[in-house]
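Q: Below: one structure in structure tokens.
Bear in mind that the values in this text are calculations on the coordinates, not laboratory data. It should be emphasised that the depicted structure is a prediction, and the values quoted were computed from it without experimental measurement. Here the Cβ positions follow ideal geometry from the backbone for every residue, glycine too, while neighbour counts run over all protein chains shown.
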Amino acid sequence: MTTSPKDIPTLSEWYASNETPQTEDEPKYNHDEGLNRRVSIWRGDITKLQADLIVNAANSSLLGGGGVDGAIHRAAGPELLEECEGLGGAETGETKVTKGYELPSKYVAHTVGPIYSSRAVDKCAQQLKSCYQTSLDLCQSHGGGVIGFSSISTGVYGYPIKDATEIAIETTRKFLEKDQSVTRVIYVVFSKKDEEVYKSILPQFFPPPPSSESSNGNKHE
């Protein structure tokens, strides 16, 4: 059974439900209700998401592997592997697109995240940012619509989930401010723990409406 984006609450709907986590961190951006309607966090199976494009956390061969990568290949069927075999692999931070085949998604963006190293934090951050940026760019160039992201590099590649999530969300915020073709960004997670990390960080980059008590605002660009 597939899941429609219509069945996944937007940030606007989440904030309206009064489930917003309390955070002492000051928002890094101003509130924008239009942007909040274009972002969601969903704990579920990315292979069941009805999207225009889903993002696969691939390895450099692009030929499938474990975790989400393997699940996407199994769900898409053998034609996905056949197409990937003709792509010639990809470098870290690079993204290549295939058809979705038997998936409910039209396209799959295969992006190669960095293997985290505490001795190369800045390089890893730039590579991870490139994964998100190039995936969004490719969604735009393939007609836009709904994009579903897996949590890139946070599994066996060892990227700290909080740091990775901040990069993912800020890259998305900057992209959506300039683009109208991508109508929905859905961050797809498996675990409750990862879901809570996303929910704790999202209000910094996509703040809820200011309350009446703080309507004078202390947000900055």
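Q: Tell me, what HN-Hα J-couplings in whole Hz come from the Karplus equation 6.51 cos²θ - 1.76 cosθ + 1.60 at θ = phi - 60° for each residue of the stretch 50-67, using x for Gly and Pro?
A: So the J values, rounded to whole Hz, are 7, 9, 7, 7, 10, 9, 9, 7, 8, 9, 5, 6, 6, 9, x, x, x, x.
Q: Under the Karplus relation 6.51 cos²θ - 1.76 cosθ + 1.60, θ = phi - 60°, what is the ordered set of whole-Hz ³J(HN,Hα) values for the stretch 94-101, x standing for Gly and Pro?
A: 9, 9, 10, 10, 10, 5, x, 6
Q: If packing is taken as the mean number of other Cβ atoms within 10 Å per residue, what is the order of 121-130, 160-169, highest first?
A: 160-169, 121-130
Q: Work out the length of the dipole vector of the stretch 80-219 about its Cα centre, built from +1 on the beta-carbon of each Lys and Arg and -1 on the beta-carbon of each Asp and Glu, and round it to the nearest 20 debye. It would help to have the intermediate numbers written out before the result.
A: Numbers: 15 positive and 17 negative charges, 62 e Å.
Charge dipole, the stretch 80-219, about its Cα centre: 300 debye, nearest 20.
Q: Additional query: For the chain, what is the mean residue ellipticity at 222 nm derived from helices alone (per DSSP H run of n ≥ 4: -39500 (n - 2.57); sum divided by total residues; nearest 500 deg cm²/dmol)?
A: Per the formula, -11500 deg cm²/dmol.
Q: So for the stretch 1-72, averaging the separation of alpha carbon pairs under 8 Å that are six or more residues apart and normalising by length, what relative contact order in percent results?
A: 39
Q: Remind me, relative contact order of the stretch 17-146 in percent, using alpha carbon pairs under 8 angstrom and six or more residues apart?
A: 25
Q: Still on this model: Tell me, how many Å apart are the Cα centres for the stretch 107-153 and for the stretch 26-68?
A: 10
Q: Fully extended, how many nm does the chain gain between Gln126 and Ser211 (0.36 nm per residue separation, minus their Cα-Cα distance)?
A: 27.1 nm
Q: List the relative contact order of the chain as a percent without decimals, with contacts defined as Cα pairs under 8 Å and 6+ residues apart. Before the final figure, lay out the partial values.
A: Values: 412 pairs, mean separation 65.4, N = 221.
That works out to 30 percent.
Q: Looking only at the stretch 30-69, which residues have a backbone nitrogen under 16 Å from a spot 7 Å from the Cα of Ser17 in the C-beta direction?
A: Of the residues in the stretch 30-69, 37-45 have backbone N under 16 Å from the label point off Ser17.
Q: Order 180-189, 84-93 from most to least packed using the mean count of other Cβ atoms within 10 Å.
A: On the way: 180-189: 20.2, 84-93: 15.1.
Final packing ranking: 180-189, 84-93.
Q: Calculate one ³J(HN,Hα) per residue across the stretch 71-79 by plugging θ = phi - 60° into the Karplus curve 6.51 cos²θ - 1.76 cosθ + 1.60, and present them in order as whole Hz with x for glycine and proline.
A: Computed from phi, the couplings for the stretch 71-79 are 5, 5, 5, 5, 6, 6, x, x, 5 Hz.
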